[in-house]
Amino acid sequence: MAELTFRTGTMDAGKSTLALQTNHNHAARGRIGRLFTSHDRAGAAKVSSRLGLTADALEVEPAFDFWRYTVDALTQGARIDYFICDEAQFYTSEQVDQLAKIVDELQIDVFCFGILTDFRTRLFPGSARLVEIADRTEVLQVEALCWCGRRATHNARTENGVMVTEGEVIVVGDVEGDTPTHVHDDLDVAYEVLCRQHHRRGLTAARARAVSLSPEPLPFL
């Protein structure tokens, strides 16, 4: 029986690496699949891993219809055994429902990979729907770490070096140290993974270093 599987974790947990590995493993056994992505850091129609692996993929725009795409491909004689769907948090709820229909009606395995919550700690619509209807939801065992060494559970966004909790939900970026990874509306946008405590306090690695380097206050005499 085909299944709809959702594998999730924070940024830096290796989701895209696992997506590419899953595709390799199935292809090596003679299965034929399709790769999909949305808003990958490497640009449109790419699945990219921070380890340097990349693969061509189909870009999922909001109007993309998975069901119609699949039926058209099968009608034209294509063979499809599985889908690899990276960055699934950016898919619409309707698109996730289409993927479930493909699993149930066409017996095609669908493997989705994505993060659960945005920088505001709110569920992405695509991820929320996957949690609701996936046959299996798995949290990746490779733990991303906060700057303090604890397990990172939250994704933080900084704009011009300051952590923010409001703004446009989809702004593509990466988590490469303190270097801004995207310029959006004249803002230097970067991302960082934090534990819940430091996300709640807005204490990023750069801010923590700045605080630790501040001169100690003079003791009262």
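The values are calculated or read from the model by the stated rules, or taken from the named source; none is laboratory data. Quick caveat: nothing in here was measured; it's all calculated off a predicted structure. Because the Cβ atoms are built from the backbone with ideal geometry, glycine has one as well, and the counts that use them run over all protein chains shown. With ligands, DNA and RNA removed, areas are computed over all heavy atoms of the protein, side chains included. Shrake-Rupley method; radii C 1.70, N 1.55, O 1.52, S 1.80 Å.
Of note:
- Here is the figure for the stretch 83-95: residues that are surrounded by fewer than 21 Cβ atoms within 10 Å (Cβ to Cβ) and either not in a helix (DSSP H, G or I) or not charged (D, E, K, R) (or both) total 2.
- Which numbered condition Ala63 fails, given (1) more than 21 Å from Ala2 (Cβ to Cβ); (2) surrounded by 12 or more Cβ atoms within 10 Å (Cβ to Cβ); (3) of a type in the set (Gly, Ala, Ser): (2)
- For first residues located in the stretch 22-33 and at negative phi, partners that are part of a loop (DSSP other than H, G, I, E, B) and aliphatic (A, V, I, L, M) and lie 6+ apart or on another chain with Cβ distances below 8 Å form the pairs Ile32/Ile80; Gly33/Ile80.
- If the condition is being in contact with an Asp or Glu (Cβ under 8 Å, 6 or more places away or on another chain) and at pLDDT 85 or above, then the stretch 167-221 contributes Val189, Ala190, Tyr191, Val193, Thr204, Ala205, Ala206.
- Evaluated against (1) without any contact (Cβ under 8 Å) to a residue 60 or more places away in the chain; (2) part of a helix (DSSP H, G or I), Leu18 falls short on exactly one condition, (1).
- Those residues of the stretch 1-15 which are open to solvent by 10 Å² or more (accessible area, probe 1.4 Å) and not aliphatic (A, V, I, L, M), in sequence order: Glu3, Arg7, Gly9, Thr10, Asp12, Gly14, Lys15
- Candidate set: the stretch 16-32, residues that are open to solvent by less than 20 Å² (accessible area, probe 1.4 Å) and not aliphatic (A, V, I, L, M); chosen: the one modelled with the lowest pLDDT: Ser16
Here is a yes/no grid of residues against (1) surrounded by fewer than 22 Cβ atoms within 10 Å (Cβ to Cβ); (2) assigned to a loop (DSSP other than H, G, I, E, B); (3) of a type outside the set (S, T, N, Q):
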residue: Leu35; (1), (2), (3): yes, no, yes
residue: Arg50; (1), (2), (3): yes, yes, yes
residue: Val71; (1), (2), (3): yes, no, yes
residue: Asp97; (1), (2), (3): yes, no, yes
residue: Ser127; (1), (2), (3): no, no, no
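- Within the stretch 99-125, tally of residues that are farther than 20 Å from Met11 by Cβ and not in a helix (DSSP H, G or I): 4
- Residue list for the stretch 141-163, filter: in contact with a Ser or Thr (Cβ under 7 Å, 6 or more places away or on another chain) and open to solvent by 30 Å² or more (accessible area, probe 1.4 Å): Thr153, His154, Met163
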